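Structure record follows, encoded as structure tokens.
The values are calculated or read from the model by the stated rules, or taken from the named source; none is laboratory data. This one's a predicted model, so the numbers in the text were calculated from it and none came from an experiment. Neighbour counts run over all protein chains shown; Cβ positions are idealised from the backbone, glycine included.
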């Protein structure tokens, strides 16, 4: 069975980098999908072979499962996720009234679990949290990323942009050093993509599992020999806010597959 | 170019763990004198160049090194660099390329950067990327690449 959905593959043009601090022009935006080999692309595009679909299936089960002292399932309040969760991931991170801060999708799942289900928290990068987040995000597959317009998010998004452009670590490199200024070139043997978070949580062949955007951001920080932000850190959500604005209009791919 | 023809003395910040990172003199766009203990060993330099964990060189640079399919394309090919640049010019470019091109992505291998706000991981803090003797080995090897 072939998936009906495929990412909008913009012809694999000879990807030349633009040297500009201003970022990437709309017409130049490319999903990480476009930098992959045809074999890895095929792995993502076919739901029967996409390993990320196992987390979607697990998430679907957990969605129905009553949890916590409230003994209620996600479905108990939210009903049919294919209806109620459609488009939600495309506009996250959102402003969280309770903490007066932006919150990412996994953070929302965790807070709902604590507040509504009154259940024990799920650890960052645990299979259950990834499965639920992947299942919810999957309901937006094929929809354009449409960042929330809440004005209260602006200062956090600005901070995310500042972090993206800040040189860190012993190697003194910023996210922008590679992903704005040198995308399309190769680091070691690997193509440098534009760092659009279109497919998270995603299955990374290097990880042999599904992982979050935060895991990926931490990997890059360790790569430049910086102290990574902790899972759940405010800075990582701020970075995601900037990244989703940068990727605005690109299509959600969850669960993506990446090398 | 940031440097004048005058010789300036840079005092590198002392890096904690017994690594010497002393002072060095910049003449024009070169460092004429070895950083530590005389000339390096080209054979050791050749091995270090290809060490993707320690020197990181081939993550960005290609050149006449093993495993060409793993070379990066972020930086100039080093084939023939020994014919294009003098030993002293190569040494400064490894030690502190930012002195010549402040916005370069080339890390400064022998300069302990201003660490305020940079979140340098604990194990790397207050240390240069490579020791002076390692850099001399790399410089000795690169000068042999005549084309």
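Quick one: is residue A:158 touching a helix residue (DSSP H, G or I) at 6+ places or on another chain (Cβ under 9 Å), part of a helix (DSSP H, G or I) and surrounded by fewer than 19 Cβ atoms within 10 Å (Cβ to Cβ)?
Working: touching a helix residue (DSSP H, G or I) at 6+ places or on another chain (Cβ under 9 Å): yes; part of a helix (DSSP H, G or I): yes; surrounded by fewer than 19 Cβ atoms within 10 Å (Cβ to Cβ): yes.
Considered against the rule, which asks whether it is touching a helix residue (DSSP H, G or I) at 6+ places or on another chain (Cβ under 9 Å), part of a helix (DSSP H, G or I) and surrounded by fewer than 19 Cβ atoms within 10 Å (Cβ to Cβ), residue A:158 comes out as yes.
Please find, among A:163, A:239, the residue that is buried (at least 21 other Cβ atoms within 10 Å of the Cβ), touching a helix residue (DSSP H, G or I) at 6+ places or on another chain (Cβ under 6 Å), in a helix (DSSP H, G or I) and outside the structural domain of residue A:93 (by TED's automatic domain parsing).
On the way: A:163 fails: buried (at least 21 other Cβ atoms within 10 Å of the Cβ).
Only one candidate passes the filter, namely A:239.
Per-residue answers, yes or no, for (1) more than 18 Å from residue A:238 (Cβ to Cβ); (2) in contact (Cβ under 8 Å) with a residue 60 or more places away in the chain:
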{"position": "A:79", "(1), (2)": "yes, no"}
{"position": "A:87", "(1), (2)": "yes, no"}
{"position": "A:90", "(1), (2)": "yes, yes"}
{"position": "A:95", "(1), (2)": "no, no"}
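(1) over 12 Å from the mean Cα position of the chain (by Cα); (2) within 23 Å of residue A:23 (Cα to Cα); (3) free of Cβ contacts under 8 Å to residues at least 24 places away in the same chain: which one isn't true of residue A:230, the others all being true?
In the conditions (1) over 12 Å from the mean Cα position of the chain (by Cα); (2) within 23 Å of residue A:23 (Cα to Cα); (3) free of Cβ contacts under 8 Å to residues at least 24 places away in the same chain, residue A:230 misses (2) alone.
Taking the condition of being within 14 Å of chain B (Cβ to nearest Cβ), assigned to a loop (DSSP other than H, G, I, E, B) and surrounded by fewer than 17 Cβ atoms within 10 Å (Cβ to Cβ), how many residues in the stretch A:189-220 meet it?
Within the stretch A:189-220, residues that are within 14 Å of chain B (Cβ to nearest Cβ), assigned to a loop (DSSP other than H, G, I, E, B) and surrounded by fewer than 17 Cβ atoms within 10 Å (Cβ to Cβ) number 1.
Considering only the stretch B:77-118, state which residues are within 12 Å of chain A (Cβ to nearest Cβ) and either surrounded by fewer than 19 Cβ atoms within 10 Å (Cβ to Cβ) or more than 25 Å from residue A:226 (Cα to Cα) (or both).
B:97, B:98, B:102, B:103, B:104, B:114, B:115, B:116, B:117
Anything in the stretch A:77-91 that is surrounded by 15 or more Cβ atoms within 10 Å (Cβ to Cβ) and either touching a helix residue (DSSP H, G or I) at 6+ places or on another chain (Cβ under 7 Å) or farther than 26 Å from residue A:251 by Cα (or both)? List them, or say none.
A:78, A:81, A:84, A:85, A:88, A:89
Conditions (1) in a loop (DSSP other than H, G, I, E, B); (2) modelled with pLDDT of 95 or more; (3) surrounded by fewer than 19 Cβ atoms within 10 Å (Cβ to Cβ), marked per residue:
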{"residue": "B:16", "(1), (2), (3)": "yes, no, yes"}
{"residue": "B:20", "(1), (2), (3)": "yes, no, yes"}
{"residue": "B:33", "(1), (2), (3)": "yes, yes, yes"}
{"residue": "B:38", "(1), (2), (3)": "yes, no, yes"}
{"residue": "B:43", "(1), (2), (3)": "no, yes, yes"}
{"residue": "B:64", "(1), (2), (3)": "yes, yes, yes"}
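Test residue A:7 against the criterion of being at pLDDT below 95 and within 17 Å of the chain's Cα centre (by Cα), and give yes or no.
Details: at pLDDT below 95: yes; within 17 Å of the chain's Cα centre (by Cα): yes.
Answer is yes for this residue.
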